[in-house]
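Below: one structure, written as structure tokens.
Laboratory data are not the source of any read-out in this text; all were calculated from the coordinates shown. Only a predicted model underlies this, so the values are computations on that prediction, with no experimental measurement involved. Virtual Cβ from ideal backbone geometry, glycine too; neighbours counted across all protein chains shown.
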Amino acid sequence: MITGFFLGLALALAALASRAWFRVDEGHVAVLVRFGRAERVGDRLRLYGPGLHVRWPFEVPVVVATLERSLELSGEQRGRNAMTNDGTVLRFDSVLRYVVDEEGVERFLFGLREPLDHVTGVFTCLLRNEIANFGGASEVAAGLSIPPRSVDAGSYALIRSERRRLNRQIDEFVRKRIGDRYGLRFVAVDLVDILPPDELDEALNAVLHAQSAAERDYFRAEADASRRLLAADESVAIARARAEAEAKEISIIARTLAELDRRGVLAAYVSRRRAEVLSEARLSFVKESTR
């Protein structure tokens, strides 16, 4: 009985000892909660940094990561849909990169039950409000208005062309207005992709295919015209060379005949050449007749 008592006591002490300390890893901070009340130093929460710390068994540590994390708002399930001012519904894939600010741990832990869900909701409202007024005549509340522009290609083309400016405006607004409410510090807000609806996507693909086909036919025609032009230039060069050679030959013959005429033997030369030609013609006739 005594042995069992001491064994039970030892196990109880071991269990209490295991609950008398807690560990905080690098990139994290912890808050001790005692009977539902967070431990404070004055008006501020007492934060425990990385390492081992002692606690009472009835105190519960709440660990918060201060590392940079990402809130993925992308894909068919997590992507945000927004309607442009011409009625086109677009899907926006976004990534919100944030860290929990040590100064705002209390707001992050105890301000709301699910702060990231609230951040997602506020960001969605902001995005939809901005997209609905992007390029329109009305202004966006809270000072996040992008100057209106008229683009014949529609709101989707405008948003695609002004994507960097839109991303910068949303990033600035999220950093200044949303982060402080929930104890977060946003590192960046990235619009990863802007996807049109299926029917618009098919139309855009058809336009791109038609444009590609037109460019392919154009370059093919240009290459064929270049090839023909090069062949024509080569033909002209060959004809010019032949003409120059014939002209040079005629010039040489003319000078030779003039020299023969000056010497008074042109008539004899012509007579002899005529006899040679007639002789060759007669010989050819005889050969053909004997076959």
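Observations, loosely collected:
- Counting neighbouring beta carbons within 10 Å and listing from fewest to most, the residues ILE170, ILE250, ILE178 come out as ILE250, ILE178, ILE170.
- For region 218-223, putting each phi into the Karplus relation 6.51 cos²θ - 1.76 cosθ + 1.60 with θ = phi - 60° gives couplings of 5, 5, 5, 5, 5, 5 Hz, in residue order, rounded to whole numbers and with x for Gly and Pro.
- Paramagnetic reach from PHE35 in region 52-85 [backbone N under 12 Å; point 7 Å along Cα→Cβ]: 58-59
- Reciprocal mean inverse distance between Cα atoms of region 206-284 - Kirkwood radius, Å: 18.0
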